[in-house]
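Report on the following structure.
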Amino acid sequence: MSSRHQEGIAHLLYGINMGGGFVVLTGEVGTGKTTLCNLLLEQIPEDVDTAYILNPKLSAAELLASICDELEINYPESTNSLKVLNDQINKRLLETHAKGRRTVLIIDEAQNLSLEVLEQIRLLTNLETTTTKLLQIILIGQPELKDLLNNNKLRQLNQRITARYHLKPLSLQETKTYIEHRIRISGGRRGIFSSAALKQIFQLTRGIPRLINLLSDRSLLGAYSMETHTVSRAIVNKAAQEALPEQKTNNTFRKVIVFSTLLSLIPLIGYFGHYFPNSKQINQTKQLPLNISADSKIQQAKKAKVVQKVTDTKVEKTAEAIVIKPKEHKTTIEFSDFIKSPSLTIRNALNLSLMQWNIDIPENFIAECSNVQKVNLACLPGKTNWYQLNKMQRPVILEFNLANNEKRFALITRSEKNKITVLADHEYQFPLQDLMAFWNGYFMTLWKPPSDSFKLIYPGQDSSDIIWVRQRLNQYEGILETVSRPTIYDPNLEQRVKKFQREQLLSPDGLVGPLTAIRLQNATQNNDAPKLR
């Protein structure tokens, strides 16, 4: 998935896990909304029942009947009574809730809903116990859905929307990555599309995945017919005249391409890494981690010295600052004020992150990514969404943007349903939505690689790290035998890795990089890494 699609699926999953109310996903035609919806259905938790409505051009009674059909609720076939249908749905939701299960209603193409039907949908969210709403509703539609929901007659529904996301087209770089990915998984070679051709495809399709599929496929056929091995800008322009919807043509082949492309649309895959700036470029000033309120001030030390043991009450002296191991939560400050502290540097955050590991830290150790290998650790930076961060199950340093383009860095040690614990001079708890207002998606975490030489493990490779992968997979799969060979990444191991990645909701590409390695560590024994509580 592209970063935009990762954010979209994260919003949908967040809305489901929050429970109650509405979640709205909008996007232009062809941006991948239905693809995201199908991916969501694959990732729905096992304790959730789903009703998926594909054709929302229904009356209120027909919609309720469709919901009953989806959830296998019995009702009189000849009835058009809203009360009868509502009562049957309410009864089922109460029974489901009593069994510890949840129910989600997903409506695709929701921009076609009438005001009457939308109002009836809103009334469904009134079905609740004294503490919990019984139905979560996800509306997916084109941008017109946003205008529809802004209608004054639907203001009550609008107020119940707990998460909204607008799915935008791909950027130029994402378009290039997407096309290269499709070529790679089909077994093609690199460089089939020239750089100029990729830029032209982006300009002509405006980054809309459906049109990218259409134009790229037609361009490949054009290159084949011209007996050339590279798709040029000229070939793309010629293909656009025949294939793109804007071009008036009765070409039968165009119709075939449109139909086949719609059927073959697959989820977008791409990873966009990002390295945190060097701490020397961020903040070299030696400051205390925080100086926000009188009860959280720390007296400055005369000498800076690293200590190796952490206690709940001892003052810790590091090479840069003095840090107190927290004893209690501080909740008297707003996150918007907390994040302004100039002491929230990457180096301070790394110091705190190192303290989560049960390791000996050398004297005069400077907390930088270039130094953590001295304590057998490594920095893993990247860009992702909140859902994937939680799945990593590790304390993470998040990068936050301030209004004046300054950066702040804070260590996250605990994640609850809607509360996040940030570690600084104390443990601070903040609402998740407050952090989301400042987080730019970038993160960094410390992890312990299988070996000093570990990089990327790929099919066909010969490496001692492959023994580590086999051992971890054996533990995960409950196989007791000891592994000492082979050191070759063979097809059988590749299938095992892909199966593990699918079960962990990772991209099943068969490549064992840091993310897959961390999941293998989390899922098996002999793991001394700190956990995201």
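Table for the structure above
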quantity	calculated
Residue list for the stretch 189-202, restricted to those being over 28 Å from the mean Cα position of the chain (by Cα) and assigned to a loop (DSSP other than H, G, I, E, B)	R189, G191, I192, S194
Yes/no for E503 being among the charged types (D, E, K, R), exposed (fewer than 15 other Cβ atoms within 10 Å of the Cβ) and not assigned by TED's automatic domain parsing to the domain that holds L39	yes
Residues of the stretch 178-209 that turn out to be in contact with an Asp or Glu (Cβ under 8 Å, 6 or more places away or on another chain), charged (D, E, K, R) and crowded, with 17+ Cβ neighbours inside 10 Å, as a count	0
Selection from the stretch 428-471 of residues that are within 22 Å of Q373 (Cβ to Cβ), aliphatic (A, V, I, L, M) and exposed (fewer than 14 other Cβ atoms within 10 Å of the Cβ)	L456
Among (1) over 19 Å from L170 (Cα atoms); (2) surrounded by fewer than 21 Cβ atoms within 10 Å (Cβ to Cβ) - the single one A243 does not satisfy	(2)
Which listed residue is of a type in the set (D, E) and under 24 Å from the mean Cα position of the chain (by Cα), from D425, D452, D434, D465	D434
Hits in the stretch 402-411 (condition: more than 11 Å from I339 (Cα to Cα) and buried (at least 22 other Cβ atoms within 10 Å of the Cβ))	L411
For D425: the one exception among (1) out of contact with any strand residue (DSSP E or B) (no Cβ under 7 Å at 6 or more places or on another chain); (2) crowded, with 16+ Cβ neighbours inside 10 Å; (3) in a loop (DSSP other than H, G, I, E, B)	(1)
The stretch 50-66, residues that are out of contact with any helix residue (DSSP H, G or I) (no Cβ under 6 Å at 6 or more places or on another chain), touching a residue at least 12 places away in the same chain (Cβ under 8 Å) and not small (G, A, S)	T50, Y52, L54, N55, L58
Options I44, I73: the member that is among the hydrophobic types (A, V, I, L, M, F, W, C) and within 20 Å of R502 (Cα to Cα)	I44
Matching helices (runs of 4 or more DSSP H) fully within the stretch 103-175 where at least 1 residues are within 17 Å of V29 (Cβ to Cβ) and not assigned by TED's automatic domain parsing to the domain that holds L432	144-149
Number of the condition not met by N17 [criteria: (1) surrounded by fewer than 16 Cβ atoms within 10 Å (Cβ to Cβ); (2) touching a residue at least 60 places away in the same chain (Cβ under 8 Å); (3) at positive phi]	(3)
Hey, A517 among the aliphatic types (A, V, I, L, M), closer than 21 Å to S453 by Cα and in a loop (DSSP other than H, G, I, E, B) or not	no
Whichever residue in the stretch 38-84 is assigned to a helix (DSSP H, G or I) and at pLDDT below 85 and, among such residues, is surrounded by the most Cβ atoms within 10 Å (Cβ to Cβ)	L40
Residues of the stretch 437-453 that turn out to be out of contact with any strand residue (DSSP E or B) (no Cβ under 7 Å at 6 or more places or on another chain) and modelled with pLDDT of 85 or more, as a count	3
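The values are calculated or read from the model by the stated rules, or taken from the named source; none is laboratory data. All values reported here derive from a predicted model rather than from experimental measurement. Cβ sites come from the backbone with ideal geometry, for glycine too, and all protein chains shown count toward neighbours.
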